[in-house]
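Asker: I have a structure I would like to understand better, so I am pasting it below and will then ask my questions one at a time.
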Amino acid sequence: MPPYGVRPGRRKAGPHRCDSVARTLGWTLLSGVVPGAGFLHSRRHRLGLTVLLVSLGGLVLAVYAAPHNLRAALDLAVDPSELTRAAVITLICLALWVAMVVATFVMLRPRRALGWELWSGSAVVGVVCLAVVAPVSLVVRDAFAQAGVVNAVFTHNQTATRPTGVTAQDPWDGRTRVNVLLLGGDSGPDRDGTRTDTMMLASLDTLTGRTVTFGLPRNLADVPFPEKSPLHALYPDGFTGPGDPGSWMLNAVYREIPALHPQVLGRSTDEGADAIKQAVEGATGLPVDYYVLVDFTGFRELVDAMGGITVNVNVPVAINGQTDAGIPPTGYIEPGADQHLDGFHALWYARGRYGSDDYQRMSRQRCVIGSIIDQANPANLLRRYQALASAGQRVVSTDIPKELLPAFVELALKAKDHRPKSVLFRSSEDFNPNDPDFDYVHEKVAQALLPPAPHRHHQRRAEDDQDACAYHPGQNY
């Protein structure tokens, strides 16, 4: 007789199990791709449907958001709090996924399977979980590293000359242009302090992203400071003084002003940056809002972390050597198109002086910066991110605040749609860096910032450095 209350032929169905380990593995692997499938097969319908619907909902959101929210993804990459939160959520989802896969195998395994069959099946499940966990864990690790980089570089970086009154909601404070000073600092063991041997002012249209860069020679003399600056009162005739003339060139401002006049511009995390920003403002007539400094002492490490860079080499570039002292180079970077350089050779390509002048070196440095930007693609960054993050914290400093990073990301995306204009102030009949006419500089800067007009002729080659990075054998820009 059946138990009281149970009708004959209507036994309560229990959880369904597979009749072999092979079938169990099949359903387990399917559950890894279609979450909840194994639960449904085991007749745990409510749990299976819940897992399946939640997973499908997340997939639909991801597919919908991916092509439409590049900006949101980039915003996430520059927001340490959100990035950390996303990494933690990813870890939780990964743990739940592993638990679901393991639970599916345990629920569906046959009751009478042999011990070696269960051990073999468990090993397969472990390998599958590891194959998914390993790459996701690397992405999570890189997310935490990115959050660390942003916090290290873009926080606690308040300078005295950084714009005030800007917010994340109004990052440009109504201005039509934002000007960022790009510096290459050389603080090697043979140097006393840091000299900014590369100085390039990038002026970006905040509406369109159109960019004009102005290259200034390191030996620019008598650089004026803005009249509103305390440095103008100290140097009413420009940055000049007694002794070694090399201590009064533009590339010495970063080192000399903090040493001669500590905190003259106010409290700052980088007094040298404040001083060089004001010097470049006086030289060009453009207010300098922010700076980014790349230290050449760590530049080699940064390039190696990227896997090298590719540039066009038009003429041999010397490694080591001093022209004035008659010390010959120890080697050369030979000419050729699309030359792939490691960190050591990229550093000498950027800074090599033997047999070349400052303007040729400035042109090569601009090409190096362009190559780094071109090769900073997502695949390369993901593959080498840990090394890049480690190098970046030691190589780059800036006073761009963390809160403005999303706005700069949006501006950078706009800038990619336009070919930047590059103006290099070379020594010529109209311009002598040892006795500069700054009215001439201001005039050329204003002309370069005029909106593009149809059929406008290009500026003279002496002022337009646009083609210096192309391959022209024998042409030394």
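The values are calculated or read from the model by the stated rules, or taken from the named source; none is laboratory data. A quick note: this is a predicted structure, and the numbers were derived from the prediction, not measured. Counting neighbours? That spans all protein chains shown, and the Cβs are built from the backbone with ideal geometry, glycine included. All accessible areas refer to the heavy atoms of the entire protein, side chains included, with ligands and DNA or RNA removed. Shrake-Rupley method; radii C 1.70, N 1.55, O 1.52, S 1.80 Å.
Asker: If I ask for residues that are basic (K, R) and either modelled with pLDDT of 90 or more or within 20 Å of M200 (Cβ to Cβ) (or both), which ones from region 434-458 would you list?
Answerer: Taking region 434-458 and keeping what is basic (K, R), we get 444, 456.
Once the filter is applied, which keeps residues that are basic (K, R) and either modelled with pLDDT of 90 or more or within 20 Å of M200 (Cβ to Cβ) (or both), region 434-458 yields only K444.
Asker: Looking only at residues that are out of contact with any Phe, Trp or Tyr (no Cβ under 7 Å at 6 or more places or on another chain) and polar (S, T, N, Q) in region 347-366, which one is surrounded by the fewest Cβ atoms within 10 Å (Cβ to Cβ)?
Answerer: Applying the filter and picking the extreme gives S356.
Asker: With the checklist (1) in a loop (DSSP other than H, G, I, E, B); (2) modelled with pLDDT under 90; (3) under 20 Å from E281 (Cβ atoms) in hand, flag the one item F431 doesn't pass.
Answerer: Tallying (1) in a loop (DSSP other than H, G, I, E, B); (2) modelled with pLDDT under 90; (3) under 20 Å from E281 (Cβ atoms), F431 fails exactly one: (2).
Asker: Output the number of the condition that N312 fails; it satisfies all remaining conditions of (1) more than 24 Å from S397 (Cα to Cα); (2) free of Cβ contacts under 8 Å to residues at least 24 places away in the same chain.
Answerer: In the conditions (1) more than 24 Å from S397 (Cα to Cα); (2) free of Cβ contacts under 8 Å to residues at least 24 places away in the same chain, N312 misses (2) alone.
Asker: Considering each of T198, T213 in turn, give the residue that is in contact with a helix residue (DSSP H, G or I) (Cβ under 6 Å, 6 or more places away or on another chain), crowded, with 20+ Cβ neighbours inside 10 Å, at pLDDT below 95 and more than 21 Å from A77 (Cα to Cα). Let's see the steps before the verdict.
Answerer: On the way: T213 fails: in contact with a helix residue (DSSP H, G or I) (Cβ under 6 Å, 6 or more places away or on another chain).
None of the others qualify; the one that does is T198.
Asker: May I ask you to list the residues in region 293-331 that are β-branched (V, I, T), part of a helix (DSSP H, G or I) and crowded, with 22+ Cβ neighbours inside 10 Å? If you could, list the steps in order and put the result at the bottom.
Answerer: Initially, region 293-331 is screened for residues β-branched (V, I, T), giving 294, 297, 303, 309-311, 313, 315, 317, 319, 323, 327, 330.
Going one step further and asking which of them are part of a helix (DSSP H, G or I), we end up with 297, 303.
V303 - this is the single residue of region 293-331 that is β-branched (V, I, T), part of a helix (DSSP H, G or I) and crowded, with 22+ Cβ neighbours inside 10 Å.
Asker: Shifting gears a bit: Would region 228-241 turn up any residue that is within 34 Å of the chain's Cα centre (by Cα) and at positive phi?
Answerer: No - not one qualifying residue is present in region 228-241.
Residues checked against (1) at pLDDT below 85; (2) of a type in the set (K, R); (3) surrounded by 12 or more Cβ atoms within 10 Å (Cβ to Cβ):
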site: A86; (1), (2), (3): no, no, yes
site: A103; (1), (2), (3): no, no, yes
site: A113; (1), (2), (3): yes, no, yes
site: C129; (1), (2), (3): no, no, yes
site: R162; (1), (2), (3): no, yes, yes
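Asker: Related question: Any idea which residue in region 33-76 is farthest from the chain's Cα centre (by Cα), counting only those that are among the charged types (D, E, K, R) and modelled with pLDDT of 80 or more? Walk me through how you get there before you give the answer.
Answerer: Taking region 33-76 and keeping what is among the charged types (D, E, K, R), we get 43-44, 46, 71, 75.
If we keep only those that are modelled with pLDDT of 80 or more as well, we get 43-44, 46.
On the way: R43: 51, R44: 48, R46: 47 Å.
It comes out as R43.
Asker: Let me ask something else. Just give me the residues in region 115-125 being among the β-branched types (V, I, T) and open to solvent by 40 Å² or more (accessible area, probe 1.4 Å), in sequence order. Step through it out loud before you land on a result.
Answerer: Of all residues in region 115-125, those among the β-branched types (V, I, T) come to 124-125.
The one that is among the β-branched types (V, I, T) and open to solvent by 40 Å² or more (accessible area, probe 1.4 Å): V124.
Asker: Could you list, in sequence order, the residues of region 104-119 that are assigned to a helix (DSSP H, G or I) and either free of Cβ contacts under 8 Å to residues at least 12 places away in the same chain or on the phi > 0 side of the Ramachandran plot (or both)?
Answerer: Let us first name the residues in region 104-119 that are assigned to a helix (DSSP H, G or I), namely 104-108, 115-119.
Once the filter is applied, which keeps residues that are assigned to a helix (DSSP H, G or I) and either free of Cβ contacts under 8 Å to residues at least 12 places away in the same chain or on the phi > 0 side of the Ramachandran plot (or both), region 104-119 yields V106, G115, W116, W119.
Asker: Going by the structure shown, is V311 at pLDDT 85 or above, closer than 24 Å to F214 by Cα and either small (G, A, S) or touching a Leu at 6+ places or on another chain (Cβ under 7 Å) (or both)? Let's see the steps before the verdict.
Answerer: On the way: at pLDDT 85 or above: yes; closer than 24 Å to F214 by Cα: yes; either small (G, A, S) or touching a Leu at 6+ places or on another chain (Cβ under 7 Å) (or both): yes.
When the stated conditions are applied, V311 passes them.
Asker: Out of all the residues in region 332-345, which are open to solvent by less than 30 Å² (accessible area, probe 1.4 Å) and part of a strand (DSSP E or B)?
Answerer: I333, G336, L341, listed by residue number.
Asker: Just to check your reading of the model, which residue among A252, A283 is under 16 Å from G185 (Cα atoms) and open to solvent by less than 50 Å² (accessible area, probe 1.4 Å)?
Answerer: On inspection, the qualifying residue turns out to be A252.
Asker: Of the conditions (1) in contact with an Asp or Glu (Cβ under 7 Å, 6 or more places away or on another chain); (2) touching a residue at least 40 places away in the same chain (Cβ under 8 Å), F299 satisfies every one except a single condition; which number is it?
Answerer: (1)
Asker: Those residues that are under 30 Å from the mean Cα position of the chain (by Cα) and open to solvent by 10 Å² or more (accessible area, probe 1.4 Å), I need them from region 255-280; list them, please. Before the answer, list the steps.
Answerer: First pass over region 255-280, keeping only residues under 30 Å from the mean Cα position of the chain (by Cα): 255-258, 265-280.
Scanning region 255-280 gives R255, E256, P258, L265, G266, R267, S268, T269, D270, E271, Q278.
Asker: Then there's this: Could you list, in sequence order, the residues of region 414-428 that are open to solvent by less than 60 Å² (accessible area, probe 1.4 Å) and part of a helix (DSSP H, G or I)?
Answerer: Correct list: A415 only.
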